[in-house]
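One structure is given below, encoded as structure tokens.
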Amino acid sequence: MRLKTKLIHGGIEGDEHTGAVVTPIYQVSTYRQEAIGKHKGYEYSRTGNPTRHALETYMAELEGGARGFAFGSGMAALSTILSMCSQGDHVVVGDDVYGGTYRVITRVFTRLGLEATYVNTGDLQAVEAAVRPNTRMIIMETPTNPLLKVTDIAGIAAIAKAKNVLLVVDNTFMTPYWQNPIDLGADIVFHSATKYLGGHSDVVAGIVVTKDAQVGEDMHFVQNSIGAVLGPQDSFLLLRGAKTLGVRMEEHEANAGQIAKWLSERNDIERVIYPGLESHPGHELMKKQARGFGGMISFDVGSASRAEEVLSKVKYYTLAESLGAVESLISVPARMTHASIPAERRAELGITDGLVRISVGIEDVQDLIEDLEQALS
Ligand SMILES: *Cc1c(COP(=O)(O)O)cnc(C)c1O
């Protein structure tokens, strides 16, 4: 089955009992047992629920892994992955990962005795050097937010394999439509499904897919033990949203490509960061490991005041955090998502005060360009 067909017919189709063409919302917590321990595969909905199970099976198929798991948020998904570690274990983490990833590791898991080292995952030697005898996982993201730095997944996977550690990849920005980290050697993929997978700004959810069944068994044990599972309503919304992932991602990318090109031809923009531009340092690597470049663009308008002005003038870009939905969103990372990072560190990373990030939606691209034009001039 090819990807676009899999998006429609993958996983568990419909409902056997009624012929319903989509999986119904099984709003149920427990299941009747015919005799003690004799049941139809479901005992209690923290352990398993048919709507969530349909979503989990579907996501595992899309990412090309053995098992899928759905959680109440992307952070719940990551926290459950991290809970496979024990006190005294060590993780190597990209130095440019999502802020919430950094926060939960530094402020929650290190309190419980997990050790962490942050490295530039673009530097394979640095990653290799950071691995210690007690390292359990390497956790990375590509492309990153908001600077869209690209990391060689297969390169890191080779290090992880040689050192016998698990490679965990946050695939939120690319989605399985454009990039499949498991095919490139990752052991675990996770998503903030709140973003592109859901795609409509109406659900907060997380997804984990494991490459092999044994890691999947361990993951199910931790998922069931911790219990940060996704409810049936939200599982249904994700299943519904993801059916159109292909058409949405094609539109996001086509629009983003045109906007990035248009921005890069202006002389009042200091830099335009979009992996689809040939000028982007990760462009070639991205062509190798992904099928597309996604819908996120960052560009520097020169100053905090100009950034503020642009944000106040745009009509079709909603000023908001988050990304990946059908509507275009705009933000200034230095003052919003990355405000908690000290100014000096932001400067080191390149998150300048004039940096504007847009999550390009699927509106008519001409309207999106005209809107930016009036806001910039
Ligand atoms: C939003 C996001 C997360 C966190 O997911 P939530 O669903 O908000 O908990 C993790 N990684 C990336 C790249 C994100 O954009």
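The values are calculated or read from the model by the stated rules, or taken from the named source; none is laboratory data. Since we're looking at a predicted model, the values are computed, not measured. Glycine also receives a Cβ, built like all others from the backbone with ideal geometry; neighbour counts cover every protein chain displayed. For accessibility, only protein heavy atoms count, side chains too; no ligands or nucleic acids. Shrake-Rupley method; radii C 1.70, N 1.55, O 1.52, S 1.80 Å.
Counting each DSSP H run of 4 or more residues in the chain as -39500 (n - 2.57), what helix-only mean residue ellipticity at 222 nm follows after dividing by all residues, to the nearest 500 deg cm²/dmol?
Details: 14 runs with 139 residues, N = 377.
The per-residue figure over the chain is -11000 deg cm²/dmol.
Would you give the gap between the C-alpha center of the stretch 69-110 and the C-alpha center of the stretch 200-244, rounded to a whole Å? Here the two parts' Cα centres lie 16 Å apart. Listed by chain and number, the lysines whose alpha-carbon sits under 21 Å from that of Lys6, ignoring those within fewer than 8 places in the same chain, are Lys195, Lys211, Lys243. A straight Cα-to-Cα reach below 15 Å connects Lys163 with the aspartates and glutamates Asp89, Glu128, Asp187, residues fewer than 8 places away in its own chain not being considered.
Pull out the extension gain between Asp268 and Gln125, defined as 0.36 nm times the separation in residues minus the alpha carbon to alpha carbon distance; nm, one decimal. All intermediate terms of the calculation are to be shown ahead of the outcome.
On the way: separation 143, 0.36 × 143 = 51.48 nm, distance 3.76 nm.
Answer, rounded to one decimal: 47.7 nm.
Taking the 1.4 Å solvent-accessible surface of the chain as the whole, the part contributed by carbon and sulfur is 51%.
For the chain, the solvent-accessible area of protein heavy atoms averages 44 Å² per residue (probe radius 1.4 Å; ligands and nucleic acids excluded). Kirkwood radius, the stretch 245-376, all distinct C-alpha pairs, inverse of mean reciprocal distance: 15.0 Å. In this rough spin-label picture, where each label sits 7 Å from Cα along the Cβ direction, the Thr18-Arg291 distance is 3.3 nm.
Taking 0.36 nm per residue of sequence separation and subtracting the Cα-Cα distance, how much length would be gained by fully extending the chain between Asp183 and Arg132, in nm to one decimal? Write out the running numbers ahead of the final one.
Values: separation 51, 0.36 × 51 = 18.36 nm, distance 2.55 nm.
Extra length available between Asp183 and Arg132 comes to 15.8 nm.
Give me the number: length gained by fully extending Glu43 to Glu373, i.e. 0.36 nm times residue separation minus the C-alpha to C-alpha distance, one decimal in nm.
Values: separation 330, 0.36 × 330 = 118.80 nm, distance 5.70 nm.
In short, 113.1 nm is gained.
Computed across the chain, the Kirkwood hydrodynamic radius from all distinct Cα-Cα pairs reaches 21.4 Å. Which whole-angstrom value gives the distance between the alpha carbon centres of the stretch 148-185 and the stretch 328-377? What the calculation gives is 26 Å, centre to centre.
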